[in-house]
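Just so you know, all these numbers are worked out from the coordinates, no wet-lab data involved. Source: prediction; values computed, not measured. Note that we place each Cβ from the backbone using ideal geometry, even for glycine, and neighbour counts take in every protein chain shown.
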Amino acid sequence: MNTLLLLVLSVVLGEVSGTELRIREADFASLPPECAAEYLPFLKEERQAAGTKVARCDLDGDGAPELLVWTGACGSGGETWSVMTRRDGKWRRAGQIFGTMHFIDRPPHRGLVVETPRGWEYATWTFFELRDGSLCRRLTLDVRYRPAKGSVLRTRPAEIIIGER
């Protein structure tokens, strides 16, 4: 069976521990200018923001961590993050994601599993990996959840639809 599918399913079912990213606050002045610029200017002004949330993880296995930078945008389904890579001494955006992130480092698979809720009963879980400096979608699971008895809160998946890229 497909090892990537099994790995993503184990995150969806909550069976894999240690996938949470260590997110910290960073002042804009302490970030590379290209990374600090990812925070949306109108939100920076509106909030009088002096910094943003960041996480570091090596998404491509080259030994140098990429920087995940919160753009300031958020909604009921999660937050928007820019994935920044460093090439030739400069940082550039490899892609953006929206949702709740989990870092996977289980050879041969390394990347981000992102959960994007869609209402009370549905969520999309997507596995992204970094290829040649770009964030690429490899696998998507659309999950319909069964609500807990007497509640609108979701529990275990009732249906999973798999889509590979």
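Counting only alpha carbon atoms, the long axis of helix 3-12 and the longest principal axis of the chain meet at about 90°. Once the Kirkwood radius over Cα pairs is known for the chain, the Stokes-Einstein relation at 25 °C and 0.890 mPa s delivers a diffusion coefficient of 146 µm²/s. Computed from backbone phi with θ = phi - 60° and the Karplus coefficients 6.51, -1.76 and 1.60, the 3J(HN,Hα) list for segment 39-55 is 5, 4, x, 5, 6, 4, 5, 4, 8, 6, 6, 10, x, 8, 8, 9, 9 Hz; x is used for glycine and proline. The three principal axes of the Cα atoms in segment 90-165 give end-to-end lengths of 53, 23, 20 Å, sorted in falling order. In whole Hz, what ³J(HN,Hα) sequence does segment 84-93 give by Karplus (6.51, -1.76, 1.60; θ = phi - 60°), x for Gly and Pro? The phi angles translate into 10, 10, 10, 9, 6, x, 10, 8, 9, 7 Hz. Over all other residues within a Cβ to Cβ distance under 11 Å of residue 52, the charged ones net out to 0, with Lys and Arg as +1 and Asp and Glu as -1.
Note on the chain: with a GNM built from Cα contacts shorter than 10 Å, the maximum mean-square fluctuation among 13, 130, 141 falls on 13. Among 108, 65, 117, the largest mean-square fluctuation in a Gaussian network model of the chain, built with springs joining Cα atoms closer than 10 Å, belongs to 108. Using a Gaussian network model of the chain in which every pair of alpha carbons under 10 angstrom is joined by a spring, one finds that among 120, 91, 81 the greatest mean-square fluctuation is at 120.
Only Cα pairs under 8 Å and 6+ residues apart enter the sum, and on that basis the relative contact order of the chain stands at 14 percent. Think of each Lys and Arg Cβ as +1 and each Asp and Glu Cβ as -1; about the Cα centre, that makes the dipole of segment 3-164 roughly 300 debye.
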